[in-house]
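A.B. asks: First the structure, then my questions, so here it is.
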Amino acid sequence: MSSATPHPGSWPVVGRDTDAESLVSALGKLPVRAQILTGPPGIGKTALAGLVAERMPERAAVSIIGLSELAAVPLAAFSPALTVLGLPVDPAEAVPALISRIGRNPGDFIFVVDDAPRLDDVSAAVVYQLARGFGVPMIATARLGETLPAPLAKLVLEGFAEERRVRGLAVDDVQELLHHRFGAVGRRADASRLAGRTDGNPLYLRMLVEAAHREGAVRVSDGVVEIEDGATPPDLLQTVDAAIAALNEDDRAALRFASVTQPLDLDSLDRSSPWPRRMFDALLARGLLVRDAGTRSVRVAHPLLSEGLDLLGDDAAPARTYAIAHLRSLADPTSRFKAIVLQSESAAVDAVDLVWAADHAFRSADFEHAAAFAQRATGAASVPAQRFRAYLVLACARSSLGDLDAADAAFDAAIALTETGSTRAGSSTSGSGEVAEASEDEIPWRDRALLASRRGEHLAFRRFDVAAAIQAAEDLQASAPPTVGATLEPELRLWRGLVGQMHERTSETEADESPEMLVRGAVASIMTESMNGRTAAAVEAASLLSDAQARFGVLDPFAAAMIGFETYFGFLSRGEHERAVEFAEQRRATAGEGAGIWTSTVAEHRSYNGRLSEARRLSALAVDQLRWRDPFAIMPLAPAIRADLTAKSGDLVGARDLLNAMDPAQRSEPKALLMAAECEAWLAHAAGDSARAAALIEAAAEQAMGVGFQLVAAISLGVCIRVGKVDRAAAMLEAICEQVPAEMRLFTALRDVAVALRDRTPGRMPTAASALVAGGMAPTALDAIELARRMRQDAETRHRLDRVALMAADGVDAPLLQRRDSPVISQREREVAIAAASRARSREIAERFGVSSRTIDNQLQSVYRKLGVSSRDELRAALHETGLLARSAD
């Protein structure tokens, strides 16, 4: 018997083909359900996830790595992906950029999430939003017994994720591994023993075999490999410890330093580093560090190595101390935040850093850590202004998390500091009325205005106590310098609109705005000016918001979601509905934490388009997204939209239940009020009371008009057209059109349709209805056309109405209120007409459909008669006019 020394080989992924095929199949089904692989450390979860990604080559794998030591750093898990995708690393910019890149093209990507329980909160939230909200496939790994982060646990509870236990390797799999490793057949007895001792755990198996190899306990003879591994430690973590223990003290310290700073850019190390570059190169060579793809940064090769370092009991203080100093030296916000997180785990952090970290986390939408740091800062800060800022961030973070009582308490504490400070410090204005510099005991007026603004948002949009928000803002205006009080004007106008009050500026004083108040005022103005149809003013407000964020960075985690509403409403008001919905879809993919408001917008848009199935799907999705993040209190509107769509679908009981479930305070919001009124109108019409249906809409629209919400009022008045009660609606639309520019063609189309019906002039209907279809209100146009067809009219008008109806009906799956007995032309007539207009001969069309040429000629004559044409050229022109030919192959 001869023997030979084995040569190291590579370790393949074996025994996973069936599992991988099953996972690929599951990820390809709709709705997409994330796959979460569970099992003990080293069982092969990561390898299996990678194999699945390889078998879906049409998708780019986005690698997301959860690390316990970076779990407090927002978006740390996405660090490799951000670099590979070329996206910014600051969370405030990275989150919307990620959702824009991936959410816009979910079919191009697959998430591969390693160690999901160790994800930081922001990364987990982004994964949830993209997986749940945009259908991005995800395969994640989690160790047995560890708790998934709340967003991923929510995916499981909602039925959009499946947990799968990863099995160990069988004896045959172990034999295949040994054959690949040593080029010889493994003894069955050895393979069985190894499989049993490791429970088929591939990582543990590899460590056992390699340890036996190092100790000379592996022999290859006559094509057979024999392994004696009795002395190998059976515990996986002990084996990892042994690998780390083989390093000297300096190497272990360098590895620990890399672990707490990862990803570590080796070029950023200065000459004062205790560890020269060659030490990290050596750790790379030994496989303990790996490079981030496409970068010069390195990270620890496996989370178990970090855990093994902790178990050794070495003094971690020197590496941690230098890591903190190193991160602070980098001077970027993300590194500074990581340094504060590390320092806070073992030492005191001064109040300035705590307040800064809380504010940074809040701006990054990491509300849990914002609240935690702010809470610590309230106890550490001795200067009232610092404590005030800490309580303000704490209140805002708790409000965003839905912990409303805790938010109230923090807001009250901040208010108390303003009262104490003003008593002790006296007035903070100069004799000329200008804002003077505040002492360290005084809360500056600008900060007090910010408190009124943020508390008002909390009261109006989460407590639904709009009157209290208005009162607090008015109280501040009464005592503050005029330049500071003026900063609250945009929000006061919005809040007053919520309770049906018109708000005029109380003064012409120029606002002395802080950057934060500038942003908040711009957000409020975008909303109010867009709803009022004043697109120029809305565009100006959006420009101010964009400029402020470019100059000062992200000051509000949700402000960016509002950018673009002025553009959407501009397109909509001008009757360019296709451009409007295309723009809204783009913003839905780029709005980050504010995606829910855009999903709700698209759902409502599709409802008015008559795309009922799509609208219902989007409406349900919007409710899910808004439950997760609802920065602008759109949630009151979302269930109203669902109720309206449910009524349109014929489920009248379900619609009534949804309406009854809404909080009365929520229903008072003007947009929700109008949508709820539309649902009530559907229910009334279904009960045979069209007059009441119109009266409900007229009353709600009048209230909206009273606060200047002209656009939503006009759109809702379309319901009066549909139920055939147009007299008062026509007058109201005429009044609205007197207040908006003539180029607002959606307004004028609604007016012209209503007036044509009121005045019984059907000849004016085709042009008006065509404009209404272009404005996105095809069901309203179809009902109006049917009402006009019942009036006395000439043949040319009837044909023109039929052509517009043919155009409007394309793609509409919602029921109409004014039914006609049959479509303008049948489906077969439509197919024959398109073929004929595309220059196909009757014989060719007949062969295509398997009928005689005479049958085709008869069908063409029927089409000619119905559409009022007499030749194929006129038919071609008519079909181009309706858009049918342009959407079909010539």
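The values are calculated or read from the model by the stated rules, or taken from the named source; none is laboratory data. Source: prediction; values computed, not measured. Cβ placement follows ideal geometry from the backbone for every residue including glycine, while neighbour counts extend to all protein chains displayed.
A.B. asks: Taking into account only those residues within region 363-378 that are at pLDDT below 90 and surrounded by fewer than 24 Cβ atoms within 10 Å (Cβ to Cβ), which is nearest to the chain's Cα centre (by Cα)?
C.D. replies: Filtering region 363-378 for residues that are at pLDDT below 90 and surrounded by fewer than 24 Cβ atoms within 10 Å (Cβ to Cβ), the one nearest to the chain's Cα centre (by Cα) comes out as 363.
A.B. asks: Within the group 65, 102, 43, which residue is closer than 18 Å to residue 130 by Cβ and out of contact with any Leu (no Cβ under 6 Å at 6 or more places or on another chain)?
C.D. replies: Answer to the check: 65.
A.B. asks: Do the conditions hold for residue 807, that is, is it modelled with pLDDT under 80, closer than 23 Å to residue 754 by Cα and either part of a helix (DSSP H, G or I) or not assigned by TED's automatic domain parsing to the domain that holds residue 855 (or both)?
C.D. replies: Judged against the criteria, residue 807 is a match.
A.B. asks: If you don't mind, there's one more thing I want to ask. Are any residues in region 52-81 in a helix (DSSP H, G or I) and in contact with a Lys or Arg (Cβ under 6 Å, 6 or more places away or on another chain), and if so, which ones?
C.D. replies: Listed by number, the list holds a single entry, 68.
A.B. asks: Let me ask something else about it. Across region 19-36, what is the number of residues that are charged (D, E, K, R) and farther than 24 Å from residue 124 by Cβ?
C.D. replies: Number satisfying all stated conditions: 2.
A.B. asks: Residue check, residue 253 against (1) part of a loop (DSSP other than H, G, I, E, B); (2) of a type outside the set (Ser, Thr, Tyr); (3) modelled with pLDDT of 75 or more, all met but one. Which one?
C.D. replies: Here residue 253 meets the rest and fails (1).
A.B. asks: Residue 443: part of a helix (DSSP H, G or I), of a type in the set (Val, Ile, Thr) and at pLDDT 85 or above, yes or no?
C.D. replies: no
A.B. asks: Let me ask something else. What residue, of 272, 306, is modelled with pLDDT under 80, hydroxyl-bearing (Ser, Thr, Tyr), surrounded by 13 or more Cβ atoms within 10 Å (Cβ to Cβ) and not assigned by TED's automatic domain parsing to the domain that holds residue 42?
C.D. replies: Only one candidate passes the filter, namely 306.
A.B. asks: Tell me, please, whether a residue that is surrounded by fewer than 22 Cβ atoms within 10 Å (Cβ to Cβ) and within 30 Å of residue 91 (Cβ to Cβ) can be found in region 202-218.
C.D. replies: no
A.B. asks: Another question, then. Can you report the number of residues in region 716-749 which are in contact with a His (Cβ under 9 Å, 6 or more places away or on another chain) and more than 17 Å from residue 776 (Cβ to Cβ)?
C.D. replies: 1
A.B. asks: If you don't mind, there's one more thing I want to ask. Condition first: touching an Asp or Glu at 6+ places or on another chain (Cβ under 9 Å) and closer than 18 Å to residue 749 by Cα. Now tell me which residues in region 698-714 satisfy that.
C.D. replies: Of everything in region 698-714, just one residue is touching an Asp or Glu at 6+ places or on another chain (Cβ under 9 Å) and closer than 18 Å to residue 749 by Cα, namely 713.
A.B. asks: Give 321, 295 a once-over and let me know the one that is at pLDDT below 70 and among the polar types (S, T, N, Q).
C.D. replies: 295
A.B. asks: A further question on this structure: Only one residue in 409, 468, 414 is at pLDDT 65 or above, part of a helix (DSSP H, G or I) and buried (at least 21 other Cβ atoms within 10 Å of the Cβ), so which one is that?
C.D. replies: 414
A.B. asks: I would also like to ask the following. Considering only region 699-750, state which residues are over 20 Å from residue 494 (Cβ atoms), in contact with a Lys or Arg (Cβ under 8 Å, 6 or more places away or on another chain) and assigned to a loop (DSSP other than H, G, I, E, B).
C.D. replies: Those that are over 20 Å from residue 494 (Cβ atoms), in contact with a Lys or Arg (Cβ under 8 Å, 6 or more places away or on another chain) and assigned to a loop (DSSP other than H, G, I, E, B): 726, 743, 744.
Residue-by-condition table, conditions (1) modelled with pLDDT of 80 or more; (2) assigned to a helix (DSSP H, G or I):
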site: 487; (1), (2): yes, yes
site: 497; (1), (2): no, yes
site: 507; (1), (2): no, no
site: 516; (1), (2): no, yes
site: 519; (1), (2): no, yes
site: 543; (1), (2): no, yes
site: 567; (1), (2): yes, yes
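A.B. asks: Out of region 834-890, which residues are among the acidic types (Asp, Glu), at pLDDT below 80 and farther than 20 Å from residue 766 by Cβ?
C.D. replies: Residues satisfying the conditions are 873, 890.
Results for (1) in the same structural domain as residue 704 (by TED's automatic domain parsing); (2) surrounded by fewer than 17 Cβ atoms within 10 Å (Cβ to Cβ); (3) closer than 30 Å to residue 536 by Cα, shown as yes or no for each residue.
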site: 734; (1), (2), (3): yes, yes, yes
site: 750; (1), (2), (3): yes, no, yes
site: 753; (1), (2), (3): yes, no, yes
site: 757; (1), (2), (3): yes, no, no
site: 770; (1), (2), (3): yes, no, yes
site: 777; (1), (2), (3): yes, no, yes
site: 788; (1), (2), (3): yes, no, no
